[in-house]
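Remarks on the structure that follows.
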Amino acid sequence: ALLFAVIAVNGLISFHELATVADRFRASRGSDNIVEEMNEALGALRDAETGQRGYLLTGRAGYLQPYDDGRARVAHHLERLQILTLSNPVQRPRVLILRQTVEAKLNELAGTITRYRTDGPQAALQMVMTNQGNDLMTQIRHLAVELTNHERQTRAIRRASATASSKRAGVMIAITSVIAALLLLVTLSQIARATRAERDARVAEQPGRQLG
């Protein structure tokens, strides 16, 4: 009974540790997704900015296609980023500030294009020379670095915890296997003793029957 109780307890501990491993790796994948969405959003924003610059330099409407595509992709990835960090009290405020700053950057890009169309390239260039767009990009990059660094640190902690839980689960499984083997040996020994005792009893009864 004691051996069975130990096996049951070890089994529960092993199950808990394995569940912890699965949870930590699942959370680690969540961090990977957040970093990926952040990188995609930055890439889309750079594409939009490249399209804007191409249009301001050449006046060719063809450059507005990558600009429009970049804007749409930025919105998509920032929406995904907000969903992924919805339950994260540390990252959620950062993502909110990031979205506001990106929105300001997109408005700045749109403003220069509108100024180019209405007042010409020199007026648009004057807007660019204010460095407002550059300052906004600096803020966005800073926020992106904070966000991704936090996720990478969190991911490292989670994976270290998962590794430790995995090792503990392995130890508990090994102990359970040893105890199960001992229990099997004890059981087989009991069966052998009972069989031998029964055989001896039958042998002892046979002379008495013969004498009778």
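Screening LEU86 against (1) of a type in the set (A, V, I, L, M, F, W, C); (2) within 30 Å of ALA156 (Cβ to Cβ); (3) assigned to a helix (DSSP H, G or I) leaves a single unmet condition, (3).
Residues in the range 109-121 that are open to solvent by less than 20 Å² (accessible area, probe 1.4 Å) and part of a helix (DSSP H, G or I): LEU109, THR112, ILE113. Residue pairs whose Cβ atoms lie under 7 Å apart, sitting 6 or more positions apart in sequence or on different chains, and linking a residue in the range 122-150 that is open to solvent by 80 Å² or more (accessible area, probe 1.4 Å) to a partner that is assigned to a helix (DSSP H, G or I), are GLN132/GLU108; GLN139/THR101. In the range 22-78, the qualifying residues are those that are farther than 25 Å from LEU143 by Cα and crowded, with 20+ Cβ neighbours inside 10 Å, and the one that is modelled with the lowest pLDDT is ARG24.
Number of residues in the range 83-100 that are surrounded by fewer than 16 Cβ atoms within 10 Å (Cβ to Cβ) and under 25 Å from ARG53 (Cβ atoms) equals 1.
The values are calculated or read from the model by the stated rules, or taken from the named source; none is laboratory data. Source: prediction; values computed, not measured. FYI the Cβ positions are ideal-geometry reconstructions off the backbone, even for glycines, and counts take in every protein chain you see. Ligands, DNA and RNA are excluded from the accessible area calculation, which covers all protein heavy atoms including side chains. Shrake-Rupley method; radii C 1.70, N 1.55, O 1.52, S 1.80 Å.
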